[in-house]
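Reviewing the structure listed below.
The values are calculated or read from the model by the stated rules, or taken from the named source; none is laboratory data. Since this is a predicted model, take the numbers as computed values, not measurements. Methodologically, a virtual Cβ is constructed for each residue, glycine included, from the backbone with ideal geometry; neighbour enumeration extends over all protein chains shown. Heavy atoms of the whole protein, side chains included, go into the accessibility calculation; ligands, DNA and RNA do not. Shrake-Rupley method; radii C 1.70, N 1.55, O 1.52, S 1.80 Å.
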Amino acid sequence: GGNFFMQRVLNRYRDELGVTALRPELDAAAARTIAHLQSESAKLSISGAQAAGGRLQANVSVENLSGHKLPTAYPSRRVWLHLTVRDRDGRTVFESGAPQANGAIQGNDNDADAAKFEPHHLTITSPDEVQIYESVMAGPDGALTTGLLTALRFIKDNRLLPHGFDKRTADKDIAVVGPAAEDADFTSGGDKLLLDVATGGAQGPFTLDAELWYQPIGYRWAENLRKYDAFEPRRFNGYYDAMGGASGVVLARTSATAR
């Protein structure tokens with residue numbers, strides 16, 4: 001089901017978890033899962049890249065190749081764009097969505113603060129804006145939650161739509177929720193957004209690298225377990241602390257040059 005991360009956790013901590021599957025079998029299963037994700041999930045493309053007047057602009061498009069929302073299944077999963085702009089000497093002049101060693105996403109409001117969440121973006125203009133395709137839940141009091149028993153509704157659902165999905169007529173149980181519902185570029189089969197960032201005094205030509213990352217268990221979902229004083233969540237947090245940096249994988253990547 002796309003959860004290569006838990007396959008790796010089970011293999012690394014196989015003795016204390018009583019795992020009976022052989023180590024090579026779980027290694028192979030994780031490798032097959034990643035290979036499937038990277039060949040069948042999504043495509044990225046960049047168009048209209050240009051640099052002028054101290055700014056770089058480009059359109060970044062994501063196509064959902066699956067037959068369902070991406071990501072699908074358990075709502076701990078998320079997909080996001082990691083965008084990097086480098087000058088002619090290879091120096092980074094802009095970056096959005098960098099994965100962190102603890103499993104967090106740099107600039108993501110929800111990873112920094114459990115009471116906030118990253119909105120859906122039409123345009124990326126600063127490093128603290130990250131396009132994350134995810135579902136975010138709230139309880140009856142309106143507060144964000146990662147607990148399925150306390151969740152009442154989605155307050156954000158901009159997971160990438162499959163081809164053939166009409167967000168205008170979709171049933172409320174599977175509807176797009178939040179600003180993505182009104183985004184004309186967020187539609188059947190994917191999303192397109194504008195990157196519009198300052199390059200300062202850096203010299204081109206500029207290289208724009210785009211990566212689409214996938215994470216089966218997002219940082220906030222693991223971090224919210226810390227408040228529970230019980231053996232099982234403490235054990236899982238220990239696993240995540242040790243392996244969070246390997247909890248994501250690149251689904252697709254592309255590059256473009258702006259002159």
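I need the full set of residues from the stretch 226-259 which are hydroxyl-bearing (Ser, Thr, Tyr) and in a helix (DSSP H, G or I), in order please.
TYR239, TYR240
Given the structure, is ALA30 open to solvent by less than 30 Å² (accessible area, probe 1.4 Å) and either touching a strand residue (DSSP E or B) at 6+ places or on another chain (Cβ under 9 Å) or of a type in the set (Asp, Glu) (or both)?
Spelling it out, it is not the case that ALA30 is open to solvent by less than 30 Å² (accessible area, probe 1.4 Å) and either touching a strand residue (DSSP E or B) at 6+ places or on another chain (Cβ under 9 Å) or of a type in the set (Asp, Glu) (or both).
Name the strands (runs of 3 or more DSSP E) wholly inside the stretch 118-213 in which the number of residues that are among the aliphatic types (A, V, I, L, M) is 2 or more.
135-138, 190-198
Got a sec? Which helices (runs of 4 or more DSSP H) wholly within the stretch 1-69 have at least 2 residues that are not charged (D, E, K, R)?
Of the helices (runs of 4 or more DSSP H) lying wholly inside the stretch 1-69, those with at least 2 residues that are not charged (D, E, K, R) span 4-12, 23-40.
Of the residues VAL85, VAL79, VAL60, only one is within 11 Å of the chain's Cα centre (by Cα) and aliphatic (A, V, I, L, M); which?
Result: VAL79 is the single residue among VAL85, VAL79, VAL60 that is within 11 Å of the chain's Cα centre (by Cα) and aliphatic (A, V, I, L, M).
What number of residues in the stretch 130-159 are surrounded by fewer than 18 Cβ atoms within 10 Å (Cβ to Cβ) and among the acidic types (Asp, Glu)?
1
May I ask you to verify whether LEU65 is in contact (Cβ under 8 Å) with a residue 40 or more places away in the chain and of a type in the set (A, V, I, L, M)?
no
How many residues are polar (S, T, N, Q), open to solvent by less than 40 Å² (accessible area, probe 1.4 Å) and either in contact with an Asp or Glu (Cβ under 8 Å, 6 or more places away or on another chain) or under 13 Å from LEU160 (Cα atoms) (or both) if we restrict to the stretch 175-227?
Summing the residues that are polar (S, T, N, Q), open to solvent by less than 40 Å² (accessible area, probe 1.4 Å) and either in contact with an Asp or Glu (Cβ under 8 Å, 6 or more places away or on another chain) or under 13 Å from LEU160 (Cα atoms) (or both) in the stretch 175-227 gives 1.
When GLY53 is evaluated against the numbered criteria (1) open to solvent by less than 50 Å² (accessible area, probe 1.4 Å); (2) on the phi > 0 side of the Ramachandran plot; (3) of a type outside the set (A, V, I, L, M), which criterion, by number, is the only one it fails?
(1)
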